[in-house]
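Coordinate-derived values only; no laboratory data. Small disclaimer: the values here were computed from a predicted structure and weren't measured. Cβ coordinates were reconstructed from backbone atoms using ideal geometry, including for glycine residues, and neighbour counts include every protein chain displayed.
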Amino acid sequence: MTEDAVVGAYTGPAAAPRTLLLGRYDSDGRLRYVGRSTTLATAAGRTVSALLTPGAAGHPWTGWTFSAGWGSREKLSVTLVKPNLVVEVGIDVARDAAGRWRHPARWHRPRPDLDAADTPLFEPGPAG
């Protein structure tokens, strides 16, 4: 199933990000983390790099830490970006208790034709 999400951060070099950290806005207008992409091919990383804008003071994820994987204590080194680029990703339906995608999202394509407001709202899980 394909879904749209907003890029809030990335891992790897600025010229060719390796993974994207994805979010959706909730009904209160807060950007909520929903999951991470699978590793991007170099060409896809270069494509998305040209569409990202560096994050500014007041980014909704400032001060957050992200785990390198399920059950891992290793922290990801991420670069925050202005949350305005929409991307299309393939996801499966499994979600954790907070409503985040349980498995990495498979990169499909950027959607510069869409605005962040065009993405579905974040849907919290039972504990969210």
Pro112 in a loop (DSSP other than H, G, I, E, B) and within 21 Å of Ala44 (Cα to Cα): yes
Residues (surrounded by 12 or more Cβ atoms within 10 Å (Cβ to Cβ) and not in a strand (DSSP E or B)) located in the stretch 56-68: His59, Pro60, Trp61, Trp64, Phe66, Ala68
Residue in the stretch 10-22 that is part of a strand (DSSP E or B) and among the basic types (Lys, Arg) present: no
Matching residues in the stretch 23-42 - criterion: being hydroxyl-bearing (Ser, Thr, Tyr), part of a loop (DSSP other than H, G, I, E, B) and under 11 Å from Arg106 (Cβ atoms): Thr38, Thr39
The stretch 42-55, residues that are of a type outside the set (Val, Ile, Thr) and surrounded by fewer than 12 Cβ atoms within 10 Å (Cβ to Cβ): Ala43, Ala50, Pro54
Among the residues listed as Ala94, Ala98, Ala105, the single one being farther than 18 Å from Met1 by Cβ and aliphatic (A, V, I, L, M): Ala98
Any hit, the stretch 32-53, residues being closer than 23 Å to Pro124 by Cα and more than 11 Å from the chain's Cα centre (by Cα): no
Residue that is at positive phi and touching a residue at least 60 places away in the same chain (Cβ under 8 Å), where the choices are Gly23, Gly35, Gly8: Gly35
Matching residues in the stretch 69-101 - criterion: being free of Cβ contacts under 8 Å to residues at least 60 places away in the same chain, loosely packed, with under 13 Cβ neighbours inside 10 Å and part of a loop (DSSP other than H, G, I, E, B): Gly69, Trp70, Gly71, Ser72, Arg73, Glu74, Ala94, Ala97
Filtered residues of the stretch 1-31 (kept if among the β-branched types (Val, Ile, Thr) and either closer than 15 Å to Leu121 by Cβ or buried (at least 17 other Cβ atoms within 10 Å of the Cβ) (or both)): Val6, Val7, Thr11, Thr19
Residue identified as under 13 Å from the mean Cα position of the chain (by Cα) and of a type in the set (Lys, Arg) among Arg111, Arg100, Arg95: Arg100
